[in-house]
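The structure appears below as structure tokens.
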Amino acid sequence: MSTSHVIIGDGIAGSSAAETVREADPDADITVITDEGEALYNRILIKEFAKGKMPAGPISIHDENWYTDRDIDLQLDTHVTDVDTDAHEIHTHRGDVIEYDALLIATGGTPTQLPVPGSDAEGVHHFWTFQDARAIKEHAEEAETGAVIGAGLLGIDLAAICGAQDVKANYLMRGNAWWRYALSEEGAEIIHGALRENDVTPVFGSGVDHFEVDDGHVTGVVDPNGEHFDADFVGVAIGLNYNTEFLQGSGIERTDSGSIVTDEHMRTNVEDVYAAGDLTYFYDVLIEEMAQNGAWGSAKEQGSIAGTNMVHDQHGDGEEATFEWVSSYSITHFDFPFLSFGHPTIGDDSVERKYSDTEWRRVAIKDGKVVGGVLIGDLAPQSKLKRLARDRVDVSETKELLLEETIDLENFEAPEASS
């Protein structure tokens with residue numbers, strides 16, 4: 001009798017899991033359910049589409065035939081309303097009941113809306129789906145003034161879209177630097193300068209008190225200091241609300257923020273239920289603590305790990321898979337490259353150095369081991385830094401060598417075999 005694998009979510013995590021299950025179990029029944037109206041596309045490239053730098057065609061990764069060819073039942077525009085883990089079944093908004101032997105939840109999140117007056121006005125955009133990118137591109141091509149809120153990796157995408165589409169914008173940040181939890185002011189100033197060159201002005205110690213609206217359309221932003229900024233285009237990126245409300249009453253452990261708790265094998269606390277992608281709060285064996293990471297590569301690997309263990313747990317064959325991954329995230333908006341890796345916002349120590357006006361490096365350290373970092377300008381050291389993080393090498397006595405222009409791994413002692 002074939003095993004039924006149900007995957008909720010067709011992002012890179014869900015799709016990777018489906019592909020892994022099919023390769024490991026040719027006879028399995030696989031169902032992929034998504035509330036989106038189109039199959040898997042590249043979330044990394046939709047920002048280039050919104051900037052007007054790339055046509056829509058190459059952004060699609062899988063068409064519906066991809067699923068048909070692999071005997072995967074893809075259900076688009078389908079909302080899961082309830083999961084009954086005792087009965088091993090899920091319920092959809094159409095009233096369908098789908099039974100499962102193994103269930104993967106990879107539903108991602110929905111952008112958080114600012115809880116201020118006017119945040120639902122026309123012209124206030126959130127950036128997550130391809131549909132969002134289409135609306136942003138269309139509006140940005142017509143807009144003259146803009147505002148961006150959210151000093152993180154999605155916020156910088158919205159700022160770059162304004163720059164590429166000739167929208168004169170202000171980038172409102174609560175702190176004194178962009179992504180201040182990962183960059184010092186010195187490193188962030190390289191980004192600030194590049195933003196200004198693209199007619200996007202960083203405004204520090206700011207934020208949003210309310211949006212000004214005329215006839216249903218946003219016209220401006222007033223910050224908590226009472227300062228007014230003209231804006232007929234607004235981009236907001238202040239975080240995600242994880243799409244896990246339908247799990248209420250399921251017994252699946254979630255954090256206060258709604259993310260799903262898993263171990264290093266992507267298993268939840270409920271038997272036969274797994275999770276993957278940016279909604280996971282997982283045990284990271286590299287830093288030996290619970291963590292969260294929404295990078296594309298991380299989500300893809302988690303999906304593969306979950307798929308492997310779904311088959312393993314049902315059939316008892318093959319090897320159990322463990323998620324051991326040093327993620328990376330790159331930005332290509334400026335004349336210089338930018339890359340973050342691992343967990344650059346955590347740690348109890350760090351080293352950093354500025355090499356030129358567009359070259360800077362910071363490495364985050366926790367308990368004497370590399371846990372993440374940021375590279376601006378010169379990305380060559382990334383593979384060696386990621387290897388040090390992956391191998392959990394103690395750098396407490398050699399941390400300054402992490403800033404050498406060319407890193408020599410022989411200067412760092414590998415951990416003993418017993419560790």
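The values are calculated or read from the model by the stated rules, or taken from the named source; none is laboratory data. These numbers come from a predicted model, not from an experiment. Neighbour counts are summed over all protein chains in view; Cβ atoms, including those assigned to glycine, are modelled from backbone coordinates with ideal geometry. Just so you know, the surface numbers come from the protein's heavy atoms only, side chains and all, with ligands and any DNA or RNA stripped out. Shrake-Rupley method; radii C 1.70, N 1.55, O 1.52, S 1.80 Å.
I need a count of the residues in the stretch 347-359 that are assigned to a loop (DSSP other than H, G, I, E, B) and buried (at least 17 other Cβ atoms within 10 Å of the Cβ).
Narrowing the stretch 347-359 to residues assigned to a loop (DSSP other than H, G, I, E, B): 347-348, 357-358.
Those left that are additionally buried (at least 17 other Cβ atoms within 10 Å of the Cβ): 347, 358.
Residues meeting the conditions: 2.
Going by what's in this entry, would A380 be described as in a loop (DSSP other than H, G, I, E, B) and within 23 Å of A188 (Cα to Cα)? Here the answer is yes, as A380 does meet what is asked.
The listed residues are R362, R387, R392, and the only one of them that is in contact with a Leu (Cβ under 8 Å, 6 or more places away or on another chain), open to solvent by 50 Å² or more (accessible area, probe 1.4 Å), touching a residue at least 12 places away in the same chain (Cβ under 8 Å) and not in a loop (DSSP other than H, G, I, E, B) turns out to be R387. Residues in the stretch 315-340 that are over 30 Å from T3 (Cα atoms), outside any loop (DSSP other than H, G, I, E, B) and not aliphatic (A, V, I, L, M): S328, Y329, S330, F338, S340.
Quick check: anything in the stretch 330-352 farther than 23 Å from A50 by Cβ and of a type in the set (F, W, Y)? Even if it seems obvious, please write down each step before you answer.
Looking only at the stretch 330-352, we keep the residues that are farther than 23 Å from A50 by Cβ, and these are 341-352.
Still in the list and also of a type in the set (F, W, Y): 341.
The answer is yes, given that some residue of the stretch 330-352 is farther than 23 Å from A50 by Cβ and of a type in the set (F, W, Y).
Could you tell me whether the stretch 128-150 includes any residue that is open to solvent by less than 20 Å² (accessible area, probe 1.4 Å), of a type outside the set (G, A, S), part of a strand (DSSP E or B) and on the phi < 0 side of the Ramachandran plot? Scanning the stretch 128-150 turns up at least one residue that is open to solvent by less than 20 Å² (accessible area, probe 1.4 Å), of a type outside the set (G, A, S), part of a strand (DSSP E or B) and on the phi < 0 side of the Ramachandran plot.
Within the stretch 368-383, residues that are over 21 Å from W325 (Cβ atoms) have Cβ atoms under 7 Å from residues that are open to solvent by less than 10 Å² (accessible area, probe 1.4 Å) and assigned to a helix (DSSP H, G or I) in these pairs: I376/G187, counting only partners at least 6 apart in sequence or on another chain.
Name the residues in the stretch 35-48 that are within 18 Å of the chain's Cα centre (by Cα) and either of a type outside the set (D, E, K, R) or farther than 28 Å from E138 by Cβ (or both), would you? Can you show your working first?
Initially, the stretch 35-48 is screened for residues within 18 Å of the chain's Cα centre (by Cα), giving 36, 40-48.
Listed by number, the residues that qualify are L40, Y41, N42, I44, L45, I46.
Among all positions in the stretch 108-118, there is at least one residue which is among the hydroxyl-bearing types (S, T, Y), more than 25 Å from D27 (Cβ to Cβ) and touching a strand residue (DSSP E or B) at 6+ places or on another chain (Cβ under 6 Å).
The condition of being in a loop (DSSP other than H, G, I, E, B), more than 13 Å from L104 (Cα to Cα) and either at pLDDT 95 or above or open to solvent by 30 Å² or more (accessible area, probe 1.4 Å) (or both) does not hold for G277. Among the residues making up the stretch 107-118, those that are closer than 16 Å to G155 by Cα and among the polar types (S, T, N, Q) are T110, T112, Q113.
What about T110, is it in contact (Cβ under 8 Å) with a residue 60 or more places away in the chain, assigned to a strand (DSSP E or B) and open to solvent by 50 Å² or more (accessible area, probe 1.4 Å)?
Working: in contact (Cβ under 8 Å) with a residue 60 or more places away in the chain: yes; assigned to a strand (DSSP E or B): yes; open to solvent by 50 Å² or more (accessible area, probe 1.4 Å): yes.
Spelling it out, T110 is indeed in contact (Cβ under 8 Å) with a residue 60 or more places away in the chain, assigned to a strand (DSSP E or B) and open to solvent by 50 Å² or more (accessible area, probe 1.4 Å).
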